[in-house]
Amino acid sequence: MSEKLPVLRTTPSLSRRIFPVLSLLVFCLALWTYGRLLPVGSWSTDEQQQRLVHIPRNAQELLRKCSALRTRPRTYPSSSLGKRTVSDRYEPGSQNMSYLITNATIFTGMKNQDGSVQVIAGGDLLMTNGLVRGVGTDLPRDLLAAVEPSKLTVIKANGSWVTPGLVDVNSQLGIFSSPALRGANDFDSEKGPVLPWLRSIDGLHTRDNGFELAMAAGVTSAQVLVGASNSIGGQAFVIKLRRTAEGSAFSMVVDPPHGLNGTDKEIVDEDHLKWRHLMQSCGEKTRRYGNRMDIMWSLRSAYHEARMVMKTQDDFCAKAEAGVWDIDESTFPDNYQWEMLVDVLRGKVKVTSDCSEALDIDNMVRLSNEFDFPLAIFLHASEAYLVPALVNASESGNEAPAIALLSTNHRHSRESYRGSEFAPAILAGRNFSIIMTTDYPVVNSRQLIDEARKAYHFGLTEDLAISSVTSAPANALGLGHRIGKLQEGYDADVVMWDTHALQLGSTPVQVWIDGIRQIPLTKTSGRSTYSIGTAPKEIVEPDQSRMSAPGQPSYEKEAQETLDWDGLAPLRGTREERRVVFRNVKEVWIRGKEKIEESFTAEGDDLGVVVVEQGKITCVGPLDDCVGSDDEHAVEYDLHGGSVSPGLLTFGSPLGLEEISSEPSTTDGQLFHALVVDVPPIFHDVGGMVRAVDALMFETRHAKMAYRFGVTTATSSLAKPHRLYESDDSMIWGTSTTFSTAAMHALEPGAIVQTETALHIRITRPRFDVHSPATSVSSQLATLRRLLYGWESRDTDTGLMFRKAAEGVIPLVVEVHNADIMASLIILKAEVNAKIGGQMRMVFVGATEAWLLAKELSEARVGVILTSLKPIAATWDQRRILPGPPLTNQTTLGILLESGVAVGIGIEHPQLAIETRFQLSQAFHDSVPFLTPREAYGLATTNLERLLGVKGIDPESADLVAFDGGSAFNLTSKAVAVISPQRGVVDVL
């Protein structure tokens, strides 16, 4: 019998124990995966229910959100907007009628096949339901038949120019009140450098006076920016300036972005997705949060946070769209704080970057490339014309960023020091989209069309100049499908002008926004602050002599020199000491003993000549009378119908006393405010009296630029204009001085025309943003009374100079805007004259409200120097402005002249001295028939000299300026030479 082997009993290994479990799991996973690949319809009911257990209830909403992440707004949506018959902004009512403009010259903004902009001569334009319904020379009859005759207003344009409403991409209208008040200043936040969650619409005051003033200048839409002092100040919004019946800020927004009103939660289709807008800043203006490295880190770290949020969203959506749902991820991963920047990274935001210097443009370009987002607009890009390839290097898709510029407002900061008036034309020549803008309130919104006019004068073409304030900004903002052009289906934002829009002095006759007439409005409408209630004319009678664009001088040589010298071309011309003959001269104006006199005017086409020997005119008249056949050694210049006229005087700015206003080291520095702090004992003068002549700097770029534009003399004081963020409220500013803008140094003969010209003070209420102790108006007037009465010892400069002012030895020039303060000063003047027995000479500078006291000013023999011909109520003291056409028939200048007040004109910033002759042109066209050419010249020559007490300009030795192509009063001409009898030379500019 055999023996049985024993049975071995062992414990199974770990792998053998878990293998069946793993196999089961793999099998189940395979079945689950296979089930996912099967069409839903092939599942059984039980399988479907089991499958849906793992799908979130809001799966469809989440999937739609994920789909929307990849959808970008279209700059020119396909579609429905071009075929609209009723605007989404239409407000039925008695004020909203249909309008037919007939026989107009219509600048449509649309491109012809050759690239030029379409202009329809003798065209008609029909507006109904808030839209442009027809444009052309032969409108379809069915369009007109569809309009109820009783609701149709026909306007006979008689050839008047009609353009799209103007669009300003750089404005703080509504968030910076007019007049400026602390309770309505919602421009900047001090809560940090990066604030993309803030929104300008949350601070938009819909009843602000600035809207009507801007509309009166033809501005119909504006991008309201916030926080230029922050690297990201917040979200911007493009608004229509028309206040709606609803009265809300939301109702003013053009194409409100999705969900702005907090009720629209639906994800709209891609044809209706709206652009959002963001403001970024770099460079000097953000200094309160650190230097450039700090600011760029704040931007990079913010965008890094946004990129992390975007990656989380993309990962979530990748799983959701693959059907891989996690039970804990039924909520879309969003971050309310960074959602705006996430949209920037997804290309859904039009980003405006305020960067002037090449360094800052480079920083922003690298930022856009690092985080892969496009830039829409470079704002204030002063050096962009010097680095066009750099601007093109940004991550901007198929189009380079548009460049938004001011024309002449440069050199006030280091970053704008290389800015040039030729930049728009230079950049346009390199195919950049050019936008002219204002920067309200720093630059008046009423001057938007003036920026285009100046850009045109310095070389921008007529088409591009008008487009720079209409279609170009509209396109850059992503709204070129509804504003900025006149075409069927576009918003009926329309401006009719009294002359060609690029003519200096051209003014809107009527303005429509959304097809609703805004300008002029009557008092009965309840919406007008300034209108005098004049009914609009239904038959327009334009000035036919100014219906074409002005001639355009050539600045090709100057523009090329600017590029060759990297923005800082030498500004000294060629000095001719030989005999000089100016040919083809149309008119000559010279200085007489008391006024400007007309020396020669050509009859018909028989133009004359001006012969100059050793800087003095020796002959003026017909060619045969002045030039001999043997005159072989003369240098000849053709003025092409130009003129010779007196060199102009500039006043109102610290020209020659500072180079860069934002750089203390280039200025005279801070004066003592004698009513706030004690003047140091070593000064031994309680008023801290100073003389501007002691601080004069010659050959500043501002002064040399002024000279090249016909401003040969300047009277300057140390008083800076009472403007936002720019100066303190000092009362006593010392004495001014008068000097030659051509001089190289103070010891040069004729460099200083007058050592002490006038005594300057300021009487004003405190600024809205004052932080230091402010002196009351009553205290200022009490102090002035004491000083003029002679209670301060004449052993001190303060006592001596105020005694001279009281006796009429020198003028007392008072910067003042408020009519009530002016009235007090007029009373004080009478009191001082009665007490002292003198004949005090008082002059008001700025004088925004002077029109209210025109008769009293004339009787008191108080002169006025106006520093703005297009005023706005920047401060409370200026709230009663007289804006002029089209809101009021009269202007402050016209009323003062009609009342017999001695008037001069000035400017407020050194960089704007070159615009003096443009100001003369504005005055001439605004004030006709009160102003003759002789009187217009006097506003910046003899009148101004008498008001300021300038005595050192001898008519025999005074400078004259030769203009090529016209007079000093128009854009056609260009200053080409200065004739200087005192120096015995002709400076060829």
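The values are calculated or read from the model by the stated rules, or taken from the named source; none is laboratory data. Note that the coordinates shown come from a computational prediction; the quantities given were computed from them, not determined experimentally. When we count neighbours, we look across all protein chains shown, and the Cβ atoms used for this are built from the backbone with ideal geometry, even at glycine.
Which condition does N818 not pass, out of (1) surrounded by 18 or more Cβ atoms within 10 Å (Cβ to Cβ); (2) modelled with pLDDT of 95 or more; (3) farther than 21 Å from M731 by Cβ, if it passes all the others?
Answer for N818: the failing condition is (3).
For the list (1) out of contact with any Asp or Glu (no Cβ under 9 Å at 6 or more places or on another chain); (2) over 22 Å from P886 (Cβ atoms); (3) buried (at least 22 other Cβ atoms within 10 Å of the Cβ), I need the number of the one condition that L920 fails.
(2)
Go through region 828-863 and give me each residue that's within 27 Å of E915 (Cβ to Cβ) and in contact (Cβ under 8 Å) with a residue 60 or more places away in the chain.
Listed by number, the residues that qualify are V843, V845, G846, G863.
Listed here are the residues, each with its yes/no results for (1) under 18 Å from I519 (Cα atoms); (2) touching a Pro at 6+ places or on another chain (Cβ under 6 Å); (3) assigned by TED's automatic domain parsing to the domain that holds Q922.
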residue: Q447; (1), (2), (3): yes, no, no
residue: T461; (1), (2), (3): no, no, no
residue: A465; (1), (2), (3): no, no, no
residue: A472; (1), (2), (3): no, no, no
residue: Y490; (1), (2), (3): no, no, no
residue: V495; (1), (2), (3): yes, yes, no
residue: T507; (1), (2), (3): yes, yes, no
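Against the definition (hydroxyl-bearing (S, T, Y) and not in a strand (DSSP E or B)), how does S554 come out, yes or no?
Yes, satisfied.
Looking at G906, G863, G949, G894 in this structure, which one is on the phi > 0 side of the Ramachandran plot and not assigned by TED's automatic domain parsing to the domain that holds V511?
G949
Looking for whichever is charged (D, E, K, R) and in contact with a helix residue (DSSP H, G or I) (Cβ under 9 Å, 6 or more places away or on another chain) here; the options are K595, K616, K557. Which one fits?
Exactly one of K595, K616, K557 is charged (D, E, K, R) and in contact with a helix residue (DSSP H, G or I) (Cβ under 9 Å, 6 or more places away or on another chain), namely K595.
Any residue at all in region 939-948 that is acidic (D, E) and surrounded by fewer than 20 Cβ atoms within 10 Å (Cβ to Cβ)?
Scanning region 939-948, I find no residue that is acidic (D, E) and surrounded by fewer than 20 Cβ atoms within 10 Å (Cβ to Cβ), so the answer is no.
Consider region 557-575. How many of its residues are part of a strand (DSSP E or B) and touching a Gly at 6+ places or on another chain (Cβ under 9 Å)?
0
Check whether at least one residue in region 314-334 is in the same structural domain as N409 (by TED's automatic domain parsing) and closer than 19 Å to S281 by Cα, and report yes or no.
no
Do we have any residue at all in region 655-663 that's out of contact with any helix residue (DSSP H, G or I) (no Cβ under 9 Å at 6 or more places or on another chain) and assigned by TED's automatic domain parsing to the domain that holds S736?
yes
So, in region 280-306, of the ones that are under 14 Å from F373 (Cα atoms) and surrounded by 19 or more Cβ atoms within 10 Å (Cβ to Cβ), which residue ends up nearest to the chain's Cα centre (by Cα)?
Residue satisfying both the conditions and the ranking: Q280.
For C317, only one of the following conditions fails: (1) surrounded by fewer than 21 Cβ atoms within 10 Å (Cβ to Cβ); (2) out of contact with any Cys (no Cβ under 6 Å at 6 or more places or on another chain); (3) in a helix (DSSP H, G or I). What is its number?
Result: C317 fails condition (2) only.
Give region 657-669 a look and list any residue that's in a loop (DSSP other than H, G, I, E, B) and farther than 22 Å from F739 by Cα, or say none.
S662, E663
Modelled with pLDDT of 95 or more and either polar (S, T, N, Q) or surrounded by fewer than 24 Cβ atoms within 10 Å (Cβ to Cβ) (or both): which single residue out of S353, S445, S396 fits that description?
On inspection, the qualifying residue turns out to be S353.
Name the one entry in L345, L375 that is at negative phi and touching a Phe, Trp or Tyr at 6+ places or on another chain (Cβ under 6 Å).
The unique qualifying residue is L345.
Quick check on region 831-847. Is at least one of its residues assigned to a helix (DSSP H, G or I), assigned by TED's automatic domain parsing to the domain that holds E898 and surrounded by 21 or more Cβ atoms within 10 Å (Cβ to Cβ)?
Yes, there is a match, as at least one residue in region 831-847 is assigned to a helix (DSSP H, G or I), assigned by TED's automatic domain parsing to the domain that holds E898 and surrounded by 21 or more Cβ atoms within 10 Å (Cβ to Cβ).
Give me the strands (runs of 3 or more DSSP E) completely within region 142-258, filtered to those with at least 2 residues that are modelled with pLDDT of 95 or more, ordered by residue number.
The qualifying strands (runs of 3 or more DSSP E) are 161-164, 166-171, 219-224, 232-240.
Among the residues of region 377-393, what is the count of those that are surrounded by fewer than 24 Cβ atoms within 10 Å (Cβ to Cβ) and assigned to a loop (DSSP other than H, G, I, E, B)?
Adding up the residues that qualify gives 2.
Quick test of your reading of the structure: F582 fulfils all but one of (1) closer than 28 Å to L971 by Cβ; (2) among the aromatic types (F, W, Y); (3) surrounded by fewer than 20 Cβ atoms within 10 Å (Cβ to Cβ). Name the failing condition by number.
Among (1) closer than 28 Å to L971 by Cβ; (2) among the aromatic types (F, W, Y); (3) surrounded by fewer than 20 Cβ atoms within 10 Å (Cβ to Cβ), the lone unmet condition for F582 is (3).
Taking region 335-367 as the region of interest, how many residues are touching a Pro at 6+ places or on another chain (Cβ under 7 Å) and among the small types (G, A, S)?
1
For residues that are out of contact with any Phe, Trp or Tyr (no Cβ under 6 Å at 6 or more places or on another chain) and outside any loop (DSSP other than H, G, I, E, B), scanning just region 403-424, find the one that is farthest from S281 (Cα to Cα).
Filtering first and then ranking leaves P424.
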